[in-house]
Amino acid sequence: AMARLAESRDSDTGAHLERIREYGRLLTGELAQNGPYQDQVDPDFERSVYLTSPLHDIGKVGIRDSILQKPGKLTREEFDIMKTHTEMGRATLEDALQAHPNAKFLRVARDIAWCHHERYDGGGYPRGLSNTEIPLSARIVSVCDVYDALTSERPYKVAFSHTVATQEIADGRGTQFDPHIVDAFLRLESQFNRIRQSLADTSIAAGAQFRSKQEARSVEPVICS
């Protein structure tokens, strides 16, 4: 219900929440089987990421419509306000966690909402965390969220192709994204594409335009706000 409340503020996202959840399921399943995080990704963790990843943008309920639904590029001041959705999401879910401290899934939800815009190299927000300072759940959802932002149509951008988005994720290995999670993504990229197609927004399914690799490189981080 909380996730749907957030989605209701941004009607252009379509099946975004369903896609994020399915992408997260794929990645956590792969990380449970391969790579250095196998001891951290147990069935409870997998289920928690699956259940709570749709809450990653719950803080956007506190962003005013003139910014959240602006059809053009945000100004620096507007983007600073947009970035506060991570702190508002944390505060909302922290309140719930304080009331129910044994609900481990709320801790995962809080970490995702708070940290999914952090960068592996420390250049993200809201706290500038780096490497494993960023909760694993948030590092996973970060890859899912950016892939979906790149391949989805928005009022201010066309959808990029799966090939372009995959290359963008690969290019962010070790800078924007955890390299081990990028490696897992690359092993699963064809499955990501199938999910994208099966849960496509109506406008994309009807045949949205796709930009070239050169055009994709001009995308500014604001598209993943």
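What to note about this one:
- Candidates ILE169, ILE181, ILE195: the one that is within 17 Å of PRO36 (Cβ to Cβ) and either open to solvent by less than 10 Å² (accessible area, probe 1.4 Å) or at pLDDT 95 or above (or both) is ILE181.
- Number of residues in the stretch 109-138 that are outside any loop (DSSP other than H, G, I, E, B), open to solvent by 20 Å² or more (accessible area, probe 1.4 Å) and either in contact with a Leu (Cβ under 6 Å, 6 or more places away or on another chain) or not polar (S, T, N, Q) (or both) equals 4.
- For the stretch 19-42, the candidate set comprises residues that are assigned to a helix (DSSP H, G or I) and hydroxyl-bearing (Ser, Thr, Tyr); within that set, the residue that is farthest from GLU153 (Cα to Cα) is THR28.
- Matching residues in the stretch 41-68 - criterion: being surrounded by fewer than 20 Cβ atoms within 10 Å (Cβ to Cβ), in contact with a Phe, Trp or Tyr (Cβ under 9 Å, 6 or more places away or on another chain) and closer than 20 Å to LEU136 by Cα: ASP44, ARG47, LEU51
- Scanning the stretch 150-200 for residues that are hydrophobic (A, V, I, L, M, F, W, C), touching a residue at least 60 places away in the same chain (Cβ under 8 Å) and assigned to a loop (DSSP other than H, G, I, E, B) yields LEU199, ALA200.
The values are calculated or read from the model by the stated rules, or taken from the named source; none is laboratory data. Computed from a predicted model, the values in this text were never measured in an experiment. All Cβ positions, glycine included, derive from the backbone under ideal geometry; neighbour counts span all protein chains shown. Just the protein is used for accessible areas: all its heavy atoms, side chains included, with ligands, DNA and RNA removed. Shrake-Rupley method; radii C 1.70, N 1.55, O 1.52, S 1.80 Å.
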